[in-house]
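Report on one structure; see the data block that follows.
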Amino acid sequence: MSLSAGKFWGMRRLADAGGRYKMLAVDQRPPIKNLICERLGTDEAPYRDVAAFKRMLVQELQGEASATLQDPHFAYPQSVHVTDPRLGLIMTLEDSRFHETPDGRLSAEIDDWSVEKIKRAGGDAVKVLAWYRPDAAPQVCAAQQDFAKRIGDACTRFDIPYLFELLVYPLEKDKEQTADYVEMAGKNADHVLASVAEFARPEYGIDIFKLESPVAAAAVPGVGNEGAGEAQALFDEMGRLAARPW
């Protein structure tokens, strides 16, 4: 891979002195909102509580990180003034509210935010999560591919690194069907690997992958245990397909 000057500098900003990516993610929305709702016994998490919790996470944990990943609505407004300026700043662009259809999930950008706005806000990189099932309906796969490519084109135009997260999810036909942000216990490793292979293609312009385990995290065997070799082979294949930092 070749990198432009802006992307190269941005990727350096995200890494520590040894070139390792140790990113603190505080861009979660439903998972954090749901915990606060449960704690308060409310149907909606108050903005001040969500934002304050994210600010606390940044203040307490950034000392171990090389970069922070913040969302534009809750984390960035309340945390930017306490974020260590020596750390890289990644901002998320995908709306946490996806559109669920009988044929699969459709992603969209956060309203009134763009790659250009993230760059103007001081972001060193753009992060996007896309739900993807290679066996979803062709029109859904095409829409998700267009979504990823549109943002990749903008990242190239504004010369900022593109950090892309992939998550497989249950379709209506799956027994684990849910709209929650939870890992599929019965995920198919081939779905994960095929998704990485698709978005590793150069036309998407992705610089760094944020990838899930190709097998359910709870089922990953420890080193030396039964099945460890097979699991390692899946991770190795995922790295080969990604062909870039992940």
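Remarks
- Overall form of segment 1-88 per C-alpha gyration tensor (a/c, 1.5; a/b vs b/c): prolate
- Spin-label pair Ala5-Lys149: with each label point 7 Å from Cα along the Cα-Cβ axis, the two points sit 3.0 nm from one another.
- Taking amide H atoms as placed 1.01 Å from N in the peptide plane, the amide H of Asn188 has no partner under 5 Å among residues 5 or more positions away or on other chains.
- Of all accessible heavy-atom area on the chain, the percent that carbon and sulfur account for (1.4 Å): 52
- Dipole magnitude (debye, nearest 20) for the chain, charges at Cβ of Lys, Arg, Asp, Glu: 900
- Relative contact order (percent, whole number), the chain, Cα cutoff 8 Å, 6+ residue spacing: 16
- Cα gyration tensor, segment 111-246 - rounded (a/c under 1.5), prolate or oblate: prolate
- Protection proxy ranking, peptides 22-33, 161-172, average beta carbon neighbours within 10 Å, highest first: 161-172, 22-33
- Dipole of segment 191-246, positive end: most advanced residue of Ala219, Leu234, Phe209 [Cβ charges, Cα centre]: Phe209
- Per-residue packing, averaged as other Cβ atoms within 10 Å, sorts the ranges 202-211, 182-191 into the order 202-211, 182-191, beginning with the highest.
- The slack between Ala218 and Phe235, meaning 0.36 nm per residue of separation minus the straight C-alpha distance, is 4.6 nm.
- Segment 162-224 and segment 32-82: distance between their alpha carbon centers, rounded to Å: 25
- Cα gyration tensor shape of segment 39-126, rounded if a/c is under 1.5, else prolate or oblate by comparing a/b with b/c: oblate
- Calculated accessible area for the chain comes out at 51 Å² per residue, all protein chains present (probe 1.4 Å; ligands, DNA, RNA ignored).
- The candidate values are [x] 15.4; [y] 18.9; [z] 14.3; the one derived from this structure for mean projected area of the Cα convex hull in nm² carries the label [z].
The values are calculated or read from the model by the stated rules, or taken from the named source; none is laboratory data. Quantities reported herein were computed from a predicted structural model and do not represent experimental measurements. Reconstructed Cβ throughout: ideal geometry from the backbone, glycine too, with neighbour counts over all protein chains shown. For the accessible areas, the whole protein counts, side chains as well, though only heavy atoms, and no ligand, DNA or RNA atoms are used. Shrake-Rupley method; radii C 1.70, N 1.55, O 1.52, S 1.80 Å.
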